[in-house]
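Okay, so here's the structure we're looking at.
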Amino acid sequence: MKINKICCIGAGYVGGPTMAVIAKKNPEIQVTIVDINEERIAAWNDEDVSNLPIYEPGLAEIVEETRGKNLFFSTEINKAIDEAEMIFISVNTPTKTYGKGKGMAADLKYVELCARNIAEVATTDKIVVEKSTLPVRTAQAIKSILHNTGSDVNFSILSNPEFLAEGTAIEDLLSPDRVLIGGESEDAIESLANIYGSWVPQDRILRTNVWSSELSKLTANAFLAQRISSINAISELCEHTEANVNEVARAIGMDSRIGPKFLNASIGFGGSCFQKDILNLVYIARSYGLNQVADYWEQVIILNDHQKRRFSDNLISTLYNTVSGKKIAMLGWAFKKDTNDTRESAAIYVADHLLSEQANIAVYDPKVSDKKVQNDLNYLNTRTSEENRDLVTSYSDPYEAVKDAHAIAIMTEWDEFKTYDWKKIYESMKKPAFIFDGRNILNKEEMNDIGFEYSSIGK
Ligand code: UDX
Ligand code: ADP
């Protein structure tokens, strides 16, 4: 099928950057991204591209280049669905917060609504592409909804999981390690492969059956998260011996079978994918009665929760067992650098724990708004929004955030933190001045020379 028009449902962290790159690389195809969230679409259409709803290095430039030419953002969902030959479903699939599978299974409500919407509106044949991360066999559900519409429209369903990482989304999209397309219809697979083929070499475009494609996405994220939990487990052991986790990571990473990437010990992984996908994997394994498989993967999450908890426990015990009434400055709130995304960020859980110990928290993050910080804490429902507002203050100047603080906790590895005038910071803080470096980005000797009581992960 020749594709002239693409519709993408969901203008989020996946849909936005992915479609921007597809539009840039396929100027003859009209790409329309639709969303039910009017505010979000308005932000994508903001003349000033620094106001886009998502921050990703390189994204604003591509949007500026393609928007209004062959890339459009709209709330007219039905119109875009009807006109397109290919529709990407790129909506959120959060962990269920109610009913069966609560806290474990993916909530497919939004995906199902999309499928029903497509079924209702479509008058011509469509290729429907699952882009959101979904449990294995979701394509079957989408297929069943689409094929029971009573109309004679033909739908081909493809699974095309996204492997981009936030903060490097544009780079990852422009030169992906691989593109994965799972499907039954060879024609549909080739139509999508052609779109990617305009910039991705053919030998990097893998074709599989739908189920392998769906499961590969969950597996890739589970393996990546497992590496982080593995090195974080070793970091705790390092703290009790005289080993240094950076040295251990370097030594094992030089084994080409292990490789050097994704071995940075940290306060624990965050982000919208890892935890959700592993919980999903665990839930699916349990539902087939595969308890050993489920327990094995669940341990990755248990260790991650432990890592976050022991960071805040350590901070409290170091501050003479009380943080009550003390100002703790948190540098970074995003779940990693170069993004404004805070979903599942370790900072949220560490802050929540410290707040329960009556700390006052000052937050500085170069890309995260105060509104987001407050929303993240309110979402946990640990205390009222008024209490959160009283105890947590966001600053736009890092030097103001740390002034008179008893301790600094580094939560995100933003590059700018390394370039601060740490001597000036030391002078403005309460003494003894503590730094808890949750990302191992500062130099211990330098910090000690200035006068800080400095601790990091795994050393
Ligand atoms: C991840 C996958 O990498 C990506 O392929 C998939 O499409 C979506 O999920 P993302 O969550 O955006 O991407 O970021 P990633 O770089 O994987 O980092 C996830 C978390 O792990 C972050 O909190 C990061 O700080 C942490 N991390 C990463 C570590 O703690 N140590 C590391 O060595 C690497
Ligand atoms: P992701 O990281 O997977 O891209 P986001 O939450 O950033 O997740 O984006 C998903 C987007 O999908 C949100 O902007 C949400 O409003 C949108 N969305 C959810 N359900 C629908 C729907 N039925 N129709 C259109 N848009 C939807």
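Roughly what % of Cα-Cα distances in region 362-459 sit above 21 Å, to the whole percent?
So the portion of pairs separated by more than 21 Å is 37 percent.
Which whole-percent values make up P(r) of the chain when all C-alpha to C-alpha distances are grouped in 10 Å steps starting at zero?
In whole percents, the pair-distance histogram is 4, 19, 28, 25, 16, 7, 1, 0.
Which semi-axes, in whole Å and largest first, does the equivalent ellipsoid of region 58-194 have when worked out from the alpha carbon gyration tensor as the square roots of 5 times its eigenvalues?
That gives 24, 21, 16 Å for the three semi-axes.
Once the other residues with Cβ under 12 Å from the Cβ of Asp341 are scored (Lys, Arg +1; Asp, Glu -1), what is the net sum?
-1
Could you tell me the distance between the Cα centroids of region 146-193 and region 79-111, to the nearest Å?
15
Would you pull out the residues with amide H under 5 Å of Met104's amide H, same chain only if 5 or more places away, H placed 1.01 Å from N?
Lys96
Residue farthest toward the positive end of the dipole of region 41-148, with Cβ of Lys/Arg at +1 and Asp/Glu at -1: which of Ser132, Ser144, Tyr55?
The residue sitting farthest along the positive end of the dipole is Ser144.
Treating the angle as unsigned and between 0 and 90°, give the value, to the nearest 10°, between the Cα long axis of helix 138-147 and the longest Cα principal axis of the chain.
30
Rounded to the nearest 20 debye, what is the charge dipole size of the chain about its Cα centre when +1 sits on each Lys and Arg Cβ and -1 on each Asp and Glu Cβ?
900
For region 32-38, just list the computed ³J(HN,Hα) in residue order, Karplus coefficients 6.51, -1.76 and 1.60, θ = phi - 60°, integers in Hz, with x standing in for Gly and Pro.
3J(HN,Hα) across region 32-38, in whole Hz: 10, 9, 10, 7, 6, 7, 5.
Tell me what the chain gives for mean residue ellipticity at 222 nm when only DSSP H runs of n ≥ 4 count, each as -39,500 (n - 2.57), the sum divided by the residue total, rounded to 500 deg cm²/dmol.
Mean residue ellipticity at 222 nm (helix-derived): -13500 deg cm²/dmol.
Which percent of the Cα-Cα distances in region 120-208 go past 20 Å?
41
Given contacts defined as C-alpha pairs under 8 Å and at least six residues apart, what's the relative contact order of region 90-199, whole-number percent?
It rounds to 21 percent for region 90-199.
Could you state the orientation-averaged shadow area of the convex hull built on the Cα atoms of region 1-82, in nm² to one decimal?
Mean projected area of the Cα convex hull: 5.0 nm².
Mean separation of Cα pairs under 8 Å and 6+ residues apart, divided by the residue count of region 344-397: what relative contact order is that in percent?
46
Quick one: net charge around Thr168, please, counting Lys, Arg +1 and Asp, Glu -1 for every other residue with C-beta under 11 Å from its C-beta.
Result for the neighbourhood of Thr168: -3.
Using Cα pairs closer than 8 Å and at least 6 residues apart in sequence, work out the relative contact order for the chain, in percent.
Across the chain, relative contact order equals 12 percent.
Take every DSSP beta bridge with both residues inside region 34-189 and express the antiparallel ones as a percent of the total, to the nearest 5.
That works out to approximately 20 percent antiparallel.
Put Arg309, Arg383 in order of accessible area, largest first, 1.4 Å probe: what do you get?
So the residues, ranked largest to smallest area, are Arg309, Arg383.
Expressed as an acute angle from 0 to 90° and rounded to the nearest 10, what is the orientation of the C-alpha long axis of helix 109-121 relative to the principal long axis of the chain?
Result, in degrees: 20.
Taking θ as phi - 60°, what are the ³J(HN,Hα) couplings along region 315-331 by the Karplus curve (6.51, -1.76, 1.60), each to the nearest whole Hz, with x for Gly and Pro?
Using θ = phi - 60°, the values come out as 4, 5, 5, 5, 7, 6, 6, 8, 10, 4, x, 8, 8, 10, 8, 9, 9 Hz.
Could you tell me how many degrees, from 0 to 90 and to the nearest 10, lie between the Cα long axis of helix 210-240 and the main elongation axis, the longest principal axis, of the Cα atoms of the chain?
That helix lies at roughly 10 degrees to the long axis.
Rounded to the nearest Å, what's the spacing between the alpha carbon centres of region 212-248 and region 392-459? Just the number, please.
Using only Cα atoms, the two centres lie 26 Å from each other.
In Å, what Kirkwood hydrodynamic radius results for region 190-335 from the alpha-carbon pair distances?
By the Kirkwood definition, the hydrodynamic radius is 18.3 Å.
Test of understanding: given the chain, find the longest segment containing no GluC sites (Glu not before Pro) that are in a DSSP loop and have at most 10 other Cβ atoms within 10 Å.
Answer from the scan: 243-459.
Considering the dipole of the chain built from charges on the beta carbon (Lys and Arg +1, Asp and Glu -1) around the Cα centre, which of Gly289, Pro161, Ala105 is farthest to its positive end?
Gly289
Taking 7 Å along the Cα-to-C-beta vector as the label spot, tell me the Gln358-Ser324 distance in nanometres, rounded to one decimal.
The two pseudo-label positions are separated by 0.3 nm.
Using a 1.4 angstrom probe on heavy atoms only, work out the carbon and sulfur share of the accessible area of the chain in %.
Answer for the chain: carbon and sulfur cover 49 percent of the accessible area.
So, counting K/R as plus one and D/E as minus one, what does the shell of residues with Cβ under 15 Å around Cys238 add up to?
-1
State to the nearest 20 debye the size of the charge dipole of region 1-144 about its Cα centre, where the only charges are +1 on K and R beta carbons and -1 on D and E beta carbons.
Rounded to the nearest 20 debye, it is 820 debye.
Applying a 10 Å radius around every beta-carbon, put 360-369, 194-203 in order of their mean neighbour count, most first.
With the highest mean Cβ count within 10 Å placed first, the list reads 360-369, 194-203.
The values are calculated or read from the model by the stated rules, or taken from the named source; none is laboratory data. These figures come from a predicted structure and were not determined experimentally. Every residue, glycine as well, gets a Cβ built from its backbone with ideal geometry; the counts of neighbours run over all protein chains shown. For accessibility, only protein heavy atoms count, side chains too; no ligands or nucleic acids. Shrake-Rupley method; radii C 1.70, N 1.55, O 1.52, S 1.80 Å.
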